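*Asks:* Right, I'll just put the structure down here and ask away after.
Every read-out reported here was derived from the displayed coordinates using simple, explicitly stated rules and does not represent laboratory data. For clarity, every value in this text was computed on a predicted model and none was experimentally measured. All Cβ positions, glycine included, derive from the backbone under ideal geometry; neighbour counts span all protein chains shown.
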Amino acid sequence: MSLGTLLAQMPVAWWEAGPDMRLIDSGGGALQDADAARQFLESVRKECEMLRGSEVGRWQTQFRGKVFDVTACPQRRADGSLAGLRGLAIDITGRATDRRRYDAFAAFAPAAAFIRDRNGRYLWVNDAYAHLYDTTPDAIVGRTVTDLDSPEDAALFLAMDREVLNAGKPVRHSLTYHHPDGSPGQAVGHRFPVKEESGACVAGIYADITDYTRTLSERIAVEADLQALRDQSGLPCVLLSAGGRIRQASTAAADLLHVTVPDLIGRPAHTFLATEGDVDTLHSRWNDLIARRRRRIRTSAAFIDARGFQWRGKLLLTPVGRTPSRAQRVWAVLTHQSLPHQPLPPLTPAQIRILSLLAAGQSNAEIAASLHLSRQTVDYHLSRLRDLLGAPTRPALISRAYVLGILDPQAWPPRSATAHHRLSTA
């Protein structure tokens, strides 16, 4: 419910006027239409001039045969002239001597509100305030702060009251107090002076932010722990938006790509992928992850850094976010990576399969039998692979296949590090 909707049900009118007293917004009570609001504003304009140098003013005025209690907050130019005005007007016709209309709308507010005299005796509280003490308003009115709160809290509240009365103007506070069970609470709000039959009193309205503050503190602590883990673990990792852009990145990720962390932020992650095949495969899996059809994805991809070097790495993708139907962000952690190298000519599926069988210890003849190839064809492929990978011998060829990320170092029997070809056993 908006403030306007709330006040429309009560004998309260409000307005806001800008430069040259031009009406910006109004409503409620006597100001249901713009013409009435403009006439009312004109009628109180002279009274506003009496507020020179004041932040808040209060007086009574007559309009269309009714008496209104007006509370106004002027905005002034540098020369002190009136530049705008906000205020409330409460219809007190027939009860003009009753000046305590603050409770006419505060009783319905979800924030805790009260009025106390200068001695700390409660003259009025709303339900939200009484709820803080696990009681009802009637059980509080007439009692004092020292009856309800600990000596430490009571002394603090009375000191705040004196501050408001001495200043004669509203004061914003953030304070810590104690619930009836002794647990700490926090609140934020305003106290301001009001006049009652007993003289100058203090009114206040506060929002309890205990749960919010606790949640915020826990979130800050979790984010600090996560940042420490991200930056100190040494793992290359990035936080991606649902659209695939990098939102956070570890120093290790930036070092691996030979860029700075600021250079990574905002970049589409796919611009660091070296092959179109990886992009296409990851795209379909990514959509499943964002739609939460999969809880996590383990995959591999070939990357290219700022120097133009390539390497293959294993990725763990995990969605995060509160929405159950769609992930808001994804953590991408690189768990293993191969040796960076200059881009190599693409290997055929048959060549990768030959490397797998060679690493498994098979001879040329056994490889030929396994793949239904001639011995001469296998000899040709192995010679060609030694040239492509810069390996003069069979053991060197196997080693290069692993350090360049062609074969999976964590699999046995040996197999390709990627499943992007039809002969892979991955």
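*Asks:* Assigning unit charges at the beta carbon (Lys, Arg +1; Asp, Glu -1) and nothing else, what dipole magnitude in debye, to the nearest 20, does region 271-426 show about its Cα centre?
*Replies:* That gives region 271-426 a dipole magnitude of about 740 debye.
*Asks:* Find the percent of Cα-Cα distances in region 277-426 that exceed 22 Å, and round it to a whole number.
*Replies:* That fraction is 46 percent.
*Asks:* A further question follows. Just order 172-180, 204-212 by mean Cβ neighbour count inside 10 Å, highest at the front, would you?
*Replies:* Packing proxy ranking, top to bottom: 204-212, 172-180.
*Asks:* How would you order 123-131, 261-269 from highest to lowest mean count of nearby Cβ atoms within 10 Å?
*Replies:* So the order, starting with the most tightly packed, is 123-131, 261-269.
*Asks:* Report the full-extension gain for the segment Gln60 to Leu165: residue separation times 0.36 nm, less the Cα-Cα distance, to one decimal in nm.
*Replies:* 35.6 nm
*Asks:* Could you tell me, in Å, what Rg and Dmax come out for the Cα atoms of region 226-337?
*Replies:* 13.2, 40
*Asks:* Search the structure for amide H atoms under 5 Å from the amide H of Gly87, placed 1.01 Å from N in the peptide plane, and list their residues when 5 or more places away or on another chain.
*Replies:* Placed amide hydrogens put Trp15, Cys73 under 5 Å from Gly87.
*Asks:* Among residues other than Pro110 whose Cβ falls under 12 Å from its Cβ, what is the net charge (Lys/Arg +1, Asp/Glu -1)?
*Replies:* Net local charge, Pro110 excluded: -2.
*Asks:* Let me ask something additional. Going by average Cβ neighbours within 10 Å, how do the peptides 330-336, 350-356 rank, with the highest at the top?
*Replies:* Packing proxy ranking, top to bottom: 350-356, 330-336.
*Asks:* Tell me which residues come under 5 Å, amide H to amide H, from His336 once H is placed; ignore anything under 5 positions away on its chain.
*Replies:* Amide H neighbours of His336, under 5 Å, 5+ apart: Lys314.
*Asks:* Mark the label point 7 Å from the Cα of Asn119 along Cα→Cβ and return the residues of region 176-206 whose backbone N is within less than 16 Å of it.
*Replies:* Only 196-202 pass the distance filter.
*Asks:* When the dipole is taken about the Cα centre of region 103-208, and only Lys, Arg (+1) and Asp, Glu (-1) are charged at their Cβ, what size is it in debye, to the nearest 20?
*Replies:* 500
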